[in-house]
Amino acid sequence: MFKAKIFVSSIKNLLSHPQFEHQQWRGIVKVRLKWVKNRSLDHVIDTDTDLKAACLLKDAIKRSPTGFLTAKSFADWQKLLGLTVPVLRFLRRYPTLFEESPHARYANLPCFRLTGTALLLDSQEQSIHQAHENDTIERLSKVLMMMRSRTAPLQSLHSLKWDLGLPDNFEKVLIPKYPDHFSFVKAPTGVSALRLKRWLEEFAVSALEKSNEGEEMGDEYRQFKRGQTTLAFPMNFPRGYGAQKKVRAWMEEFQKLPYISPYEDSRHIDPNSELMEKRAVGVLHEFLSLTIHKKTKRNYLRSLREELNIPHKFTRLFTRYPGIFYLSLKCKTTTVALKEGYRRGKLVNPHPLVRLRHKFYHVMRTGLLYRGKGANLIPREDILLKDMENRMEDKEEEGGDYDDDDDDDEDEEYEEIETGDEYDEETSDVED
């Protein structure tokens, strides 16, 4: 807490300095960059789309008072789940998770309930939520602390619950346990929202600051804490970009601008200045750092744009800073990933919930082998999970990810698309 207070004091001193107005404008060189497709990260996003859909269907079946869902009840969920195939066909792909049976009254109406394996995985998921509840509360609090009013619409948080690692029905099973932290309110627009009741100074430290605190404190970081210099964002440029003189000069000037914490009041900064652009990059960097998969959909961020105080056309920031972010157009939507969160197509330091989802994915892939062969041929859940865990351990020893694709993070293709300031934010026609 002491370090955080020093940082806030340093920023206030900087903003009140006579030369601050000049520092907001450094005349940074404008460089137009081409969008670069990263097939490795695209593959991760493609895989996670199916995984997320299966997990959301698992939760929906679990919430159902009958313990099952009929084909009629989910007939129009395809777009909502981000699938490219009908939900009925998707469920039939994975008999290791979803057990199909005819309706008791309507023989031609398929019904789906969870298999024993799916229930066992769900039980493990609930255990992880309980064991890491404090971590979840901190993430949720930090998200709200970045909002202007410390408030976010419940609908926006529901869309983000997979990315933020929130439990299903978090507003009923988690929030009521912390009445001193959160309250339900009506937003000015009339929608239900969640508000952080009090500022938590100990949480007001960004991931970029923490990563520097974790390293040996050198002269640069000591000077930053005194407000005399700034912090540099980790950069991982697509192949060939780092060698371009204009790009290198642009990034050097960008890194020299003062770092404004995403938890600091930014209303006094010129909204058209380079400093405000760097502040927006810092907000997006911090938000993605708080997600457990280090990525989210652009539309989820769009729903919080005004509260986060980021530009209307914020998508251009992802393409203007390809060393920090990766913008993907996979699965008929637009997803943004934090590049430093991945190495060779794998998450760095995955959250326990992510590891559990990897197990869920392995069970999904195993289900493809038994599709259409009858439920009696599917191994018992204990045998299935044991075999899956053994294969995951073997894969980790080989240095691979939970999928069998060994694409490298450097597997990139250059697209002949100019995506500078003229980038069209409406690239994807599909609303999430």
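Below, the figures for the structure above:
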quantity	calculated
Phi-based couplings in Hz for the stretch 342-351 (Karplus 6.51, -1.76, 1.60; Gly and Pro marked x)	10, 9, 6, x, 10, 5, 8, 6, x, 5
Listed peptides 127-134, 142-149 by packing density, highest first (mean Cβ within 10 Å)	142-149, 127-134
³J(HN,Hα), Karplus 6.51/-1.76/1.60, whole Hz, each residue of the stretch 261-269, x for Gly, Pro	4, x, 9, 9, 4, 10, 5, 8, 8
Probe 1.4 Å - accessible area at Val205, Å² to nearest ten	20 Å²
Extension gain, Tyr106 back to Arg267 (0.36 nm per residue minus Cα-Cα distance, nm)	51.9 nm
Under Karplus coefficients 6.51, -1.76 and 1.60, residue-wise ³J(HN,Hα) of the stretch 128-137 in Hz, glycine/proline x	5, 4, 5, 5, 10, 5, 4, 5, 5, 4
The stretch 119-200: C-alpha gyration tensor shape, a/c 1.5 cut-off, then a/b vs b/c	prolate
Cα-based Lys pair tally, the stretch 101-205, threshold under 18 Å, eight or more apart or on separate chains	9
Protection proxy ranking, peptides 152-158, 82-88, average beta carbon neighbours within 10 Å, highest first	152-158, 82-88
Per-residue SASA entry for Trp77, accessible area with 1.4 Å probe, Å² rounded to 10	60 Å²
Modelled FRET efficiency - R0 45 Å, Lys79 with Lys256, Cβ distances, 0.05 increments	0.50
Of Lys256/Lys278; Lys34/Lys246; Lys37/Lys330, those spanning more than 22 Å from alpha-carbon to alpha-carbon	none
Placed amide H near Asn38: partners under 5 Å, 5+ positions off or other chain	Glu413
Interchain or long-range residues, amide H under 5 Å from Phe325's placed H	Lys339
Distance between the stretch 254-332 and the stretch 87-160 - C-alpha centres, whole angstrom	28 Å
Built amide H within the under 5 Å cut-off of Leu231, gap 5+	Tyr259
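The values are calculated or read from the model by the stated rules, or taken from the named source; none is laboratory data. Note that the structure is predicted; figures quoted are calculated from it, not measured. Note that we place each Cβ from the backbone using ideal geometry, even for glycine, and neighbour counts take in every protein chain shown. Quick note on the areas: whole protein, heavy atoms, side chains included, nothing else; ligands and nucleic acids left out. Shrake-Rupley method; radii C 1.70, N 1.55, O 1.52, S 1.80 Å.
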